[in-house]
Amino acid sequence: MALSTMIYNHLPTSQPILMNKLSKIHGPAHQQVVLDQPKTKTSNRVSSLTESLSHLLHLHLETPPRTQTHQINWNLYGEEKLSTPTTSPKEVIAQNWRDMHASSNWDNLLDPLHPWLRREIIKYGEFAQATYEAFDFDSHSEYCGSCRYNRHKLFETLGLSRNGYKVSKYIYAMSHVNMPQWLKRSKLVDTWSKDSNWMGYVAVSDDEETRRIGRRDIVVAWRGTVAPTEWYEDLQRKLEPYGHGDAKVEHGFLSIYTSKNDSTRYNKSSASEQVMKEVTRLVELCREKGEDVSLTITGHSLGGALALLNAYEAASTIPNLPVNVISFGAPRVGNIAFRDELHQLGVKPFRVVIKQDVVPSMPGLVFNESLQKFEDITGTLGWVYAHVGAELKLNVHSSPYLKRGLNWPGFHSLETYLHLVDGFVSTTSTFREDATRDVALVNKACDMLVDELRIPHCWYQLANKGLVCNAHGRWVKPKRDPEDIPSPHMQENINIPALEAGMQTQDVLKPLYSV
């Protein structure tokens with residue numbers, strides 16, 4: 001299916017709420033947060049929240065000149081780029097997979113960014129992106145909140161089969177906390193589910209990809225939220241205990257991860273129970289075959305928060321399983337004790353953030369891990385939020401392809417993140433001239449690309465806004481293919497007797513993809 005025939009309208013084209021509350025956050029390319037006070041004053045039309053946020057973040061409010069970017073001849077750009085492939089050859093990393101999986105905390109791999117690690121980061125980012133592209137955001141659809149495609153054709157439809165993974169399980173979530181922006185609802189009375197949303201999936205590397213990366217890789221991809229307005233309005237800002245120690249995590253995140261209700265169709269078990277049952281099953285199958293196995297959890301925004309909760313639980317319950325998290329634009333999730341317990345469990349989180357994106361600074365905009373240096377005076381601050389793991393910090397101003405204007409949804413867009421990862425070399429280098437990822441993808445659902453590229457903004461949508469012309473010449477909403485209609489019965493796993501039959505690995509794993 002062509003990209004132009006698929007929906008991708010999850011980012012709003014207008015930003016009335018947040019634009020009136022937040023002002024510009026900009027800084028020179030590649031530099032860290034500036035610690036002096038802003039040089040310009042906010043307008044009287046800007047709310048008090050704008051001024052307080054800009055002062056708390058200590059960021060310049062003025063638009064900087066373009067610096068440290070290579071010059072592009074836009075007249076020749078199309079001829080040069082449109083005839084080149086959008087991916088580079090896959091390198092065999094079997095001997096180095098533990099380094100790529102953070103066994104040494106990515107020492108000497110981040111600055112400069114190792115090209116092998118760049119490819120892996122983008123691969124997992126595309127898995128997270130798939131949760132948006134396949135999600136039904138249409139509130140007038142009876143299937144709003146579900147996945148548009150059944151899991152057998154998810155990657156094929158989205159063009160991700162090249163990554164060498166197969167989806168084995170869909171994950172559904174609900175929340176006992178009122179979070180209207182984070183969980184989508186249909187406006188229709190007769191709907192597939194009044195309580196649950198499709199929240200992600202579990203996938204497994206096939207034999208060819210397993211040989212390339214040196215182990216059987218289980219991936220969990222969590223769907224997130226995409227507009228900063230959702231964060232501002234629905235963040236609960238309340239910590240509650242998680243695990244067995246002093247760890248505490250944000251109330252709303254935990255509710256989505258653990259909520260269940262016996263009266264629902266899709267959440268008789270929680271998202272936590274669904275994903276852990278499947279991951280445990282896959283780990284046991286792989287270990288019975290004598291394979292090395294890893295768990296990589298990815299997500300953008302809210303999905304990155306759920307990924308950390310998932311990683312904590314997996315590392316706590318499955319012994320000796322290498323667990324890694326690769327998140328994009330994710331918020332803080334828990335307190336300092338939560339961070340420390342994750343480290344003790346051996347979880348290796350890796351956070352990709354954009355300096356201009358406000359979501360990674362929440363919650364804990366003021367009271368965060370930076371206060372830990374005062375513990376000798378204050379004692380342990382159990383109510384302070386803390387980020388976890390290594391950080392790759394990117395800057396919108398490093399790319400010559402991106403506009404310099406204020407664009408909060410664009411700053412938070414996962415496609416913007418993937419574009420900047422593809423072009424990042426080091427904190428002292430310009431944007432990579434031989435970056436291969438298609439620049440047009442950035443404007444799928446926002447308006448971030450410079451006008452010289454002539455790429456329409458928000459170009460990724462259903463043909464005719466999803467309407468089709470029927471046999472009588474009337475434009476109507478089409479019915480979904482029966483195989484794409486969500487069914488809780490299709491989520492049940494089947495027994496796999498092939499393990500006892502001594503079949504080849506490829507044959508043994510086939511049933512994993514047919515449940």
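Taken together, PRO349, PRO319, PRO331 contain a single residue that is assigned to a loop (DSSP other than H, G, I, E, B) and within 19 Å of TYR124 (Cβ to Cβ), which is PRO331.
This table checks each residue for (1) modelled with pLDDT of 95 or more; (2) more than 20 Å from VAL352 (Cα to Cα); (3) aromatic (Phe, Trp, Tyr); (4) not in a helix (DSSP H, G or I).
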residue: GLY405; (1), (2), (3), (4): no, yes, no, yes
residue: THR416; (1), (2), (3), (4): yes, no, no, no
residue: LEU420; (1), (2), (3), (4): yes, no, no, no
residue: LEU441; (1), (2), (3), (4): yes, no, no, no
residue: ILE455; (1), (2), (3), (4): no, yes, no, yes
residue: TRP459; (1), (2), (3), (4): no, yes, yes, yes
residue: ARG480; (1), (2), (3), (4): no, yes, no, yes
residue: PRO486; (1), (2), (3), (4): no, yes, no, yes
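Exactly one residue among PHE127, PHE137 is of a type outside the set (Ser, Thr, Tyr) and in contact with a Lys or Arg (Cβ under 8 Å, 6 or more places away or on another chain), and that residue is PHE137.
Taken over the stretch 250-288, the residue count meeting the criterion of being assigned to a loop (DSSP other than H, G, I, E, B) and touching a helix residue (DSSP H, G or I) at 6+ places or on another chain (Cβ under 6 Å) is 3. Screening the stretch 209-224 for residues that are of a type outside the set (D, E, K, R) and assigned to a loop (DSSP other than H, G, I, E, B) and picking the one that is nearest to SER327 (Cα to Cα) gives GLY224. Check whether at least one residue in the stretch 320-333 is β-branched (Val, Ile, Thr) and at pLDDT below 95, and report yes or no. Checked against the condition, which is being β-branched (Val, Ile, Thr) and at pLDDT below 95, the stretch 320-333 yields at least one hit.
Considering only residues that are touching a residue at least 12 places away in the same chain (Cβ under 8 Å) and either touching a Cys at 6+ places or on another chain (Cβ under 9 Å) or more than 26 Å from MET174 (Cβ to Cβ) (or both), which ones fall in the stretch 284-295? Matches in the stretch 284-295: LEU285, CYS286, GLU288, LYS289, GLU291, ASP292, VAL293, SER294. Residue pairs whose Cβ atoms lie under 6 Å apart, separated by 6 or more positions or on different chains, with the first residue in the stretch 462-481 and over 18 Å from HIS140 (Cα atoms) and the second surrounded by 10 or more Cβ atoms within 10 Å (Cβ to Cβ) and of a type in the set (Val, Ile, Thr), are ASN470/VAL476.
The residues of the stretch 289-316 that are in a helix (DSSP H, G or I) and within 30 Å of PHE411 (Cα to Cα), listed by number, are LEU302, GLY303, GLY304, ALA305, LEU306, ALA307, LEU308, LEU309, ASN310, ALA311, TYR312. When GLN71 is tested against (1) modelled with pLDDT under 70; (2) among the polar types (S, T, N, Q); (3) farther than 30 Å from ARG454 by Cα, exactly one condition is not met: (3).
Taking each residue of the stretch 407-423 that is without any contact (Cβ under 8 Å) to a residue 24 or more places away in the chain and looking for partners that are in a helix (DSSP H, G or I) and surrounded by 24 or more Cβ atoms within 10 Å (Cβ to Cβ) with beta-carbon atoms closer than 6 Å, six or more apart or interchain, yields HIS419/VAL442. Checking the stated criteria, GLY389 turns out not to satisfy the condition of being modelled with pLDDT under 90, closer than 30 Å to ASN324 by Cα and in contact with a strand residue (DSSP E or B) (Cβ under 7 Å, 6 or more places away or on another chain). Of all residues in the stretch 448-486, those satisfying the criterion of being farther than 30 Å from SER399 by Cβ and within 25 Å of the chain's Cα centre (by Cα) are ASP484, ILE485, PRO486. Close contacts from the stretch 242-271, counting a first residue that is on the phi > 0 side of the Ramachandran plot and open to solvent by 10 Å² or more (accessible area, probe 1.4 Å) and a second that is among the charged types (D, E, K, R) and in a helix (DSSP H, G or I), with Cβ to Cβ under 9 Å and a gap of 6+ residues or different chains, come to GLY243/GLU313; GLY243/GLU341. Scanning the stretch 156-208 for residues that are open to solvent by 30 Å² or more (accessible area, probe 1.4 Å) and either at positive phi or not in a loop (DSSP other than H, G, I, E, B) (or both) returns GLU156, GLY159, SER161, ARG162, LYS166, ASP207, GLU208. Here is the figure for the stretch 461-478: residues that are exposed (fewer than 13 other Cβ atoms within 10 Å of the Cβ), hydrophobic (A, V, I, L, M, F, W, C) and modelled with pLDDT under 90 total 1.
SER327 meets all of the listed conditions (1) open to solvent by 10 Å² or more (accessible area, probe 1.4 Å); (2) of a type in the set (Ser, Thr, Tyr); (3) in contact with a helix residue (DSSP H, G or I) (Cβ under 7 Å, 6 or more places away or on another chain) but one, namely (1).
The values are calculated or read from the model by the stated rules, or taken from the named source; none is laboratory data. Everything numeric here is computed off the predicted structure, so don't read it as measured data. Don't worry about glycine lacking a Cβ; one is built from the backbone with ideal geometry, like all the others, and counts go over all protein chains shown. What goes into the accessible areas is simple: the full protein's heavy atoms, side chains included, and nothing from ligands, DNA or RNA. Shrake-Rupley method; radii C 1.70, N 1.55, O 1.52, S 1.80 Å.
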